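Below you'll find the structure, written out as structure tokens, and then a few comments.
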Amino acid sequence: MVAFSQDTEKARTVGIIGLGYVGLPLAMNFIAKGYRVVGIDTDPRKLESLRAGRSHVQDVSDQELGSCLAEGILMITGHYADAAKAGTIIICVPTPLAPDHTPDLGFLLDACRRLSAHLQPGQLVIVESSTYPGTTTEQVQPLLEGEDRKAGRDFYLAYSPERIDPGNRSISFHQIAKIVSGVTEACLERVQSIYRSVFETVIPVSSTAAAETMKLLENTYRFINISFINEMAMLCDHLGLNAWEIIAAAASKPYGFSAFYPGPGVGGHCIPVDPFYLQWKAAQSGQTSRFIEIAQHINDGMPAYLVEEIRKHLPEGKSLRDARIVVYGVTYKQNIADVRESTAIAIIEALREQGADVGYSDPYLAKIRLTDGSELERAELTAESLEVADCLVILTHHSSLPIRLIADHASFVYDTRNAITALRPGAKLVTLGNGARPVQ
Ligand SMILES: NC(=O)c1ccc[n+]([C@@H]2O[C@H](COP(=O)([O-])OP(=O)(O)OC[C@H]3O[C@@H](n4cnc5c(N)ncnc54)[C@H](O)[C@@H]3O)[C@@H](O)[C@H]2O)c1
């Protein structure tokens, strides 16, 4: 077995496979701690733009990327052979759902097969993609091992879930505790050692399956709680209560209550996806999570509920068929440019199905793709566009939401985020969770 000296260049070089929302910021953080990074991706367009110093990830600036390239501490490549330059290789490729809602490990297994052909003695491989318990030992390990190559002896294999929160500037990347696990004790030692040089807190767990499940627990917890709070919001609509006021009051408790807030439904690449990895694994042994089923049911029902609420509150004599609707904020959460799994798409499509003329405005996206493949281009939010709209629907409340403009010019706002508190006299404001009490 070859052990790298901590001083060698190879030990100070990290290979990152998959340069997306997770991989690119991770690369920058290793560089900030004095490592060199070899970034590998299979998307030719991404490779071209990254090499030209153009970042597609909001948390990494073009300037930061450009200076790392210029200094030669970041190499962008499409060749897995370049992974041989690194002592540690981290896999950050997508783990989406297949159309039938089962795990699609295609990207992960493809990355492992390609890496396997170039794996060097003594290298540490860390899987970072979110996945179901058992993936590292049952799927990844057999692809990397061979007759003469065993994990823990000839190379090291670890799993460490990524916990980044894109767009969140309130907590630094290196301050998020890093959960690590290895397929053997030696693998665990290796992964702890490298991550201790990057993260403030590194927490080992007993197995790769425990670390895989930890990640699914975190995101399933959010999925269930957001769905529950949306159910509360709908209940408050019916009971004539203000969910926002009630949540704020409950949040004053210094223990035992974590506040979640209503919204148009759960989106993103992780939270609406990961619970189904857990559900699929449970189903393999004849089990199910009823909480996940219920949360899914509530989440899937949000577009229809919101469309009905908008319809109900349109000015008298107006139907969705002849309504002009502007949707503000289509990304799955505020202040990011990511529209993956955003419920905004389903809501826009449901409004259009009812015959409404729907436009959207979002400072982060100049156009969006609908499920039929057609594209919708952004329309600027102006005094005129607000005045001719029968309804402005706020789905995502970016920090740049033009509250004053809306207050001065909109005649009817349906707000799913409690972002607007008052409109001009005569205008109507309906807030999800306080819908029974329109402010007029
Ligand atoms: N985005 C998040 O907020 C977030 C947070 C925590 C965990 N995760 C998890 O991290 C993983 C990556 O997510 P992401 O959001 O960065 O995805 P992404 O789609 O932004 O990036 C993935 C990158 O991998 C590349 N890729 C695909 N197959 C490849 C292959 N075989 N070899 C090399 N590159 C390949 C793609 O071209 C893409 O650039 C997923 O498992 C996700 O669930 C994501």
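The values are calculated or read from the model by the stated rules, or taken from the named source; none is laboratory data. Predicted model, so just to flag it, every value in this text is computed and none were measured. Cβ: placed from backbone, ideal geometry, glycine included. Neighbour counts: every protein chain shown. With ligands, DNA and RNA removed, areas are computed over all heavy atoms of the protein, side chains included. Shrake-Rupley method; radii C 1.70, N 1.55, O 1.52, S 1.80 Å.
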Qualifying residue in region 59-73 (condition: within 16 Å of the ligand (Cβ to nearest atom) and assigned to a loop (DSSP other than H, G, I, E, B)) | yes
Expected output for region 13-25 (first residue at pLDDT 95 or above, partner within 8 Å of the ligand (Cβ to nearest atom) and part of a helix (DSSP H, G or I), Cβ below 6 Å, 6+ apart or cross-chain) is ILE16/GLY23; ILE17/ALA111
Quick check: anything in region 133-152 among the aliphatic types (A, V, I, L, M) and part of a loop (DSSP other than H, G, I, E, B)?
-> no
All but one of (1) open to solvent by less than 60 Å² (accessible area, probe 1.4 Å); (2) farther than 16 Å from ILE89 by Cα hold for VAL180, so report the exception by its number.
-> (2)
Note: among ARG113, ARG45, ARG54, just one is within 14 Å of the ligand (Cβ to nearest atom), surrounded by fewer than 16 Cβ atoms within 10 Å (Cβ to Cβ) and in a loop (DSSP other than H, G, I, E, B), namely ARG54
The listed residue being in contact (Cβ under 8 Å) with a residue 60 or more places away in the chain and in contact with a strand residue (DSSP E or B) (Cβ under 7 Å, 6 or more places away or on another chain), out of ALA111, ALA177, ALA158 = ALA111
For region 84-100, the count of residues that are closer than 24 Å to ILE164 by Cα and more than 10 Å from the ligand (Cβ to nearest atom) equals 7
Of the residues in region 144-174, those that are away from the ligand (no atom under 12 Å from the Cβ), within 24 Å of GLY106 (Cβ to Cβ) and surrounded by 14 or more Cβ atoms within 10 Å (Cβ to Cβ) come to LEU144, GLU145, ALA151, PHE155, LEU157, ALA158
Name the residues in region 48-58 that are modelled with pLDDT of 95 or more and in contact with a Leu (Cβ under 8 Å, 6 or more places away or on another chain), would you?
-> LEU50, ARG51, GLY53, ARG54, SER55
